[in-house]
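The values are calculated or read from the model by the stated rules, or taken from the named source; none is laboratory data. Just so it is clear, the model here is predicted, and its values are computed rather than measured. Here the Cβ positions follow ideal geometry from the backbone for every residue, glycine too, while neighbour counts run over all protein chains shown.
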Amino acid sequence: MREFVYNAAPARVVFGSGALKRLPDEVERLGLERLLVVSTPDQEGQGRRVADLLGSAVAGLFPGAVMHTPVGVTEKALAIVAAAKMDGVVAIGGGSTTGLGKAIALRTGLPQIVLPTTYAGSEMTPILGETEGGVKRTQTAAKVLPSTVIYDVDLTLSLPPSLSAVSGVNAIAHAAEALYARDGNPIIDLMAQEGIRALARALPRIVEAPQDGAARADALYGAWLCGLCLGTVGMAVHHKLCHTLGGSFDLPHAETHTIVLPHALAYNARAAPQAMARIAAALGSEDALIGLDRLLARLKVKRGLAQIGMPESSIARAAELAVANPYWNPRPVERGAIHELIRRAYDGEAPRADF
Ligand code: NAD
C-alpha cells in the first residue's frame with residue numbers, strides 16, 4: 001500500500017476559447033474596483049485589451065514585467081499600486097508577468113486574476129522566484145496563489161512556435177519530476193501523466209500549425225495539469241539545475257529546461273524505474289529517454305547549452321552550485337556525475353542512462 005498526503009491548493013479555473021470575455025464577471029465576483037493590469041513590454045497590447053474590457057475597474061497599467069522578477073521592477077509597480085490605492089492585480093502573460101503579480105501580492109496581500117499566455121505553469125504554484133543583486137531566491141507562500149486563473153486558449157495563438165515548443169517542454173519537466181517526487185501521490189501521478197500526454201500530442205502539431213485551436217487547447221490543458229504538479233509536490237535535480245543555470249548564467253528559462261530535461265531524466269532513470277515507465281507511456285514510447293528525444297527532434301528545439309549562450313568555462317562552477325544545498329532527488333546528487341550531466345547538456349548530446 002502506498003501512503004500519502006494530498007494537499008490541494010484552492011483555485012478557481014475558467015478555461016476556454018474566448019474565456020477573456022468572462023474577466024469582467026470574475027472581477028465583479030471578487031468585488032474589485034481599482035485594478036492594476038501587468039504585462040511585459042512585448043505584451044502591452046494584450047494588457048490594453050484587458051484594460052479596455054474592464055473600463056473603469058482599471059486604475060492603471062504596468063507593462064514592465066521582465067524575466068526572473070527583479071525586485072527593482074516590483075518596487076516600481078508597488079509605487080503605482082500605493083499611489084492609486086489599487087485593490088487587485090490582473091496579470092496577462094507568461095511566467096515573468098505572473099511572477100510580478102505574485103511579488104505584488106506577497107507584499108500587499110492583494111488578490112490576483114491571472115491570464116496565462118505560455119505553458120510555464122507559475123499560476124498554479126505558491127512559488128515565487130525573485131532576483132536581487134544577481135542572486136535568485138525562491139520562496140513558497142500561499143499568499144501568492146491567484147484567486148482566479150482564466151485560461152483563454154485564444155491568447156496563446158500568438159505565442160511563436162519555437163517558444164511554444166520550449167515552454168511546453170518546461171511544463172513536461174514539472175510533470176516528469178512530479179512522477180518521482182518524494183511527496184508524490186496517486187492524484188498527482190494521474191495529472192502528470194495526462195499533462196505529458198496532452199502536451200506530447202499537441203506540441204508537434206503547434207510547431208507545424210501554430211493557429212490550430214484544438215492543439216492549442218490541448219497544450220494549455222496539459223500545461224495547467226503540469227503546473228498543478230509543480231505547485232503540489234517537490235521538484236528534484238532537474239529543477240535545481242535549471243534554477244542554478246538560469247539564475248547564475250542568465251540563460252533563457254524554457255530553453256534551459258528543454259536542453260537539461262533529457263539528461264536529468266537519464267541521471268535518474270535507474271533510480272526511478274516506475275516514473276520512467278509512466279513517462280514513457282505518456283509519451284507513447286517504449287522508453288522515456290527515447291520518447292523524449294524523439295519529441296524534441298520533432299519540435300526542432302536547440303539541444304545544447306552552448307547554443308543558448310552558456311560559456312564552456314562555467315561548467316565546473318555550475319556543477320559546484322548545483323550540488324550545494326541540493327533538492328531531494330531519487331538518486332544521490334554526486335558532483336562528478338552532475339558535472340558530466342551538465343557537460344553532455346552543454347554539448348547537446350543524446351541522453352544516455354550510463355552514468
Ligand atoms: P516569459 O513570461 O518571460 O515570456 C517570454 C516572452 O514571450 C516574453 O517576451 C513574453 O511577453 C512573450 N509572450 C508570452 N506569451 C506570449 C503570447 N501568447 N504571444 C506572444 N508573446 C508572448 O516566459 P515564461 O517561460 O512563461 O516564464 C519564465 C519565467 O517564469 C521565469 O522567470 C521563471 O523562473 C518563471 N516561472 C516561475 C514558476 C513558478 O512557479 N514560480 C513556474 C514557471 C516559470
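Brief remarks on what is shown
- Candidates 165, 202, filtered to the one that is buried (at least 23 other Cβ atoms within 10 Å of the Cβ), within 16 Å of the ligand (Cβ to nearest atom) and without any contact (Cβ under 8 Å) to a residue 60 or more places away in the chain: 202
- Strands (runs of 3 or more DSSP E) within the stretch 120-162 that include 3 or more residues surrounded by 15 or more Cβ atoms within 10 Å (Cβ to Cβ) and either in the same structural domain as residue 295 (by TED's automatic domain parsing) or near the ligand (Cβ under 9 Å from one of its atoms) (or both): 127-132
- Verdict on residue 270 being assigned to a helix (DSSP H, G or I), assigned by TED's automatic domain parsing to the domain that holds residue 289 and charged (D, E, K, R): no
- Of note, residue 297 does not satisfy the criterion of being surrounded by 16 or more Cβ atoms within 10 Å (Cβ to Cβ) and out of contact with any helix residue (DSSP H, G or I) (no Cβ under 6 Å at 6 or more places or on another chain).
- Qualifying residue in the stretch 73-83 (condition: at pLDDT below 95 and assigned by TED's automatic domain parsing to the domain that holds residue 45): no
- Candidate set from the stretch 66-99 (those that are over 16 Å from residue 34 (Cα atoms) and not in a helix (DSSP H, G or I)); member that is nearest to the ligand (Cβ to nearest atom): 94
Quick grid of which residues meet (1) outside any helix (DSSP H, G or I); (2) over 23 Å from residue 224 (Cβ atoms); (3) without any contact (Cβ under 8 Å) to a residue 60 or more places away in the chain:
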position	(1), (2), (3)
22	no, no, no
36	yes, yes, no
41	yes, yes, yes
53	no, no, yes
64	yes, yes, yes
101	no, no, no
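Here is a yes/no grid of residues against (1) at pLDDT 95 or above; (2) under 19 Å from residue 349 (Cα atoms); (3) in contact with a Leu (Cβ under 9 Å, 6 or more places away or on another chain); (4) not small (Gly, Ala, Ser):
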| position | (1), (2), (3), (4) |
| --- | --- |
| 227 | yes, no, no, no |
| 236 | yes, no, no, no |
| 245 | no, yes, yes, yes |
| 256 | yes, yes, yes, yes |
| 283 | yes, no, yes, yes |
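- Pairs where the first residue, in the stretch 255-272, is free of Cβ contacts under 8 Å to residues at least 24 places away in the same chain and the second is outside any helix (DSSP H, G or I), C-beta under 6 Å, 6+ apart: none
- Residues in the stretch 209-219 that are in contact (Cβ under 8 Å) with a residue 40 or more places away in the chain and assigned to a helix (DSSP H, G or I) were compared, and the one that is nearest to residue 294 (Cα to Cα) is 219.
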